[in-house]
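Below is one structure; the comments refer to it alone.
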């Protein structure tokens with residue numbers, strides 16, 4: 001009875017301490033979600049409370065992740081290192097939550113800017129602080145947002161890498177993470193909207209279920225149409241879900257607002273959409289605007305390559321060759337898109353025009369246009385083995401996108417058979433997609449077989465991306 005009484009007292013104390021924003025900090029928080037960090041920070045001239053420090057950290061982290069501004073990274077890193085040492089005004093629970101959140105935010109920032117060791121260190125510290133907070137304040141709800149995301153990220157790491165987690169002294173559970181996020185999402189917490197946003201990102205980028213992610217984000221956009229962060233993320237996920245027209249609507253709304261910093265990456269995404277719909281002149285304009293204004297290095301090589309590709313698909317060979325030459329000298333090869341562009345630029349043959357059009361129409365969800373092009377392709381149009389394999393693969397992707405699963409499975413298997421040992425991404429991605437179909441059909445053994453087979457292919461264009469997706473899928477299967 002004494003233990004029950006004491007635990008009840010602790011719970012009531014924690015409930016009384018639950019994370020809250022004042023009217024002023026709530027306004028600043030909304031401004032951050034609307035991508036207006038300058039206005040948000042002006043509302044808090046001297047941050048002292050955990051809530052104020054959290055808002056500052058969130059504003060700076062979001063800006064760095066979106067802009068890739070190297071100069072601001074150095075300046076904000078110095079501020080972060082000073083801020084993390086401060087003892088915030090407020091309850092101990094709020095202070096621990098703020099510390100864990102800042103550490104987690106900067107784990108993502110460091111990873112984005114190529115500082116893997118610092119990213120791992122901050123992830124470990126975020127985990128340790130989160131566990132301390134949960135132990136000391138078991139009824140404190142806010143920490144479940146941080147813990148939930150950490151549990152999902154760590155729980156998605158494939159089993160073969162558990163030794164790394166062991167060295168860091170951390171462990172996670174996907175189901176625990178989802179349960180913790182749900183606890184915040186179903187509450188009246190001031191952080192509920194942010195938990196909903198994280199849930200959508202997890203569905204789209206960790207679990208590879210962009211359809212669910214887009215559905216959730218549409219609800220959030222209806223709830224807060226002024227949140228430019230939600231529109232921006234919604235546009236990126238809609239593209240991933242082959243809903244380019246929906247994405248264009250979301251991204252177009254961004255120009256109507258007053259965000260503090262320009263979203264040049266949104267112009268890159270618009271370029272992708274216009275490429276998907278074969279609006280090559282608008283695609284070129286968007287890619288050029290991105291190149292001329294973006295301060296980061298990721299996606300620059302791909303943008304140059306895509307401009308050349310637009311010229312090529314539009315029948316302008318001389319301008320296409322000039323842009324391909326320039327693309328070879330520009331940008332880095334860190335992102336998956338840039339690596340694929342570099343590999344394509346190293347090929348002696350230019351992309352197959354008709355198959356490329358089918359690819360981009362399919363990627364954008366323009367399935368009627370894709371069908372029209374693919375139905376006009378004859379054997380004479382496919383002189384090489386690569387062309388023949390890609391033709392089967394494009395038919396599989398188109399069938400998959402239109403939910404003709406029997407046809408999709410047939411053409412994916414044809415792709416794998418005809419690909420053989422060639423270092424093209426068609427076969428490994430066909431394996432990955434067959435694995436996803438098997439998961440949906442509750443055929444766990446078949447799914448496992450295909451995910452493992454996807455990992456066996458070496459040195460193809462999307463090796464890192466496909467391997468990561470296959471490993472995450474296998475990790476989820478093992479935990480079901």
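A few comments on the model shown:
- Yes/no for residue 301 being at pLDDT below 95, over 24 Å from residue 252 (Cβ atoms) and either under 23 Å from the mean Cα position of the chain (by Cα) or loosely packed, with under 15 Cβ neighbours inside 10 Å (or both): no
- One residue from 165, 178 being part of a helix (DSSP H, G or I), modelled with pLDDT of 85 or more and in the same structural domain as residue 215 (by TED's automatic domain parsing): 178
- Screening the candidates 332, 306 for the property of being modelled with pLDDT under 95 and either in a helix (DSSP H, G or I) or out of contact with any strand residue (DSSP E or B) (no Cβ under 8 Å at 6 or more places or on another chain) (or both) yields one hit, 332.
- Neighbours by Cβ (under 9 Å, 6+ apart or cross-chain): first from region 78-92, assigned by TED's automatic domain parsing to the domain that holds residue 105; second modelled with pLDDT of 90 or more and exposed (fewer than 14 other Cβ atoms within 10 Å of the Cβ): 86/48; 88/48; 89/48; 90/48
- Figure legend. Inter-residue proximity from region 371-389: first residues under 14 Å from residue 361 (Cα atoms), second residues modelled with pLDDT of 95 or more and not in a helix (DSSP H, G or I), beta-carbon distance below 9 Å, spacing 6+ or different chains. Indicated pairs: 371/402.
- Residue match in region 116-135 (condition: outside any helix (DSSP H, G or I), in contact (Cβ under 8 Å) with a residue 24 or more places away in the chain, more than 25 Å from residue 46 (Cβ to Cβ) and in contact with a helix residue (DSSP H, G or I) (Cβ under 9 Å, 6 or more places away or on another chain)): no
- A single member of 272, 226, 245 is in the same structural domain as residue 200 (by TED's automatic domain parsing), more than 17 Å from residue 63 (Cβ to Cβ) and either touching a strand residue (DSSP E or B) at 6+ places or on another chain (Cβ under 7 Å) or assigned to a helix (DSSP H, G or I) (or both), and it is 245.
- Of all the criteria given as (1) more than 24 Å from residue 190 (Cα to Cα); (2) assigned to a helix (DSSP H, G or I), the one not satisfied by residue 85 is (2).
- Residue check for residue 365: surrounded by 19 or more Cβ atoms within 10 Å (Cβ to Cβ) and not assigned by TED's automatic domain parsing to the domain that holds residue 285: yes
- Members of region 24-56 found to be within 26 Å of the chain's Cα centre (by Cα), part of a loop (DSSP other than H, G, I, E, B) and closer than 20 Å to residue 97 by Cα, listed by number: none
- Where residue 445 falls short, out of the listed (1) part of a helix (DSSP H, G or I); (2) in contact with a helix residue (DSSP H, G or I) (Cβ under 8 Å, 6 or more places away or on another chain): (2)
The values are calculated or read from the model by the stated rules, or taken from the named source; none is laboratory data. Computed from a predicted structure; not experimentally measured. Methodologically, a virtual Cβ is constructed for each residue, glycine included, from the backbone with ideal geometry; neighbour enumeration extends over all protein chains shown.
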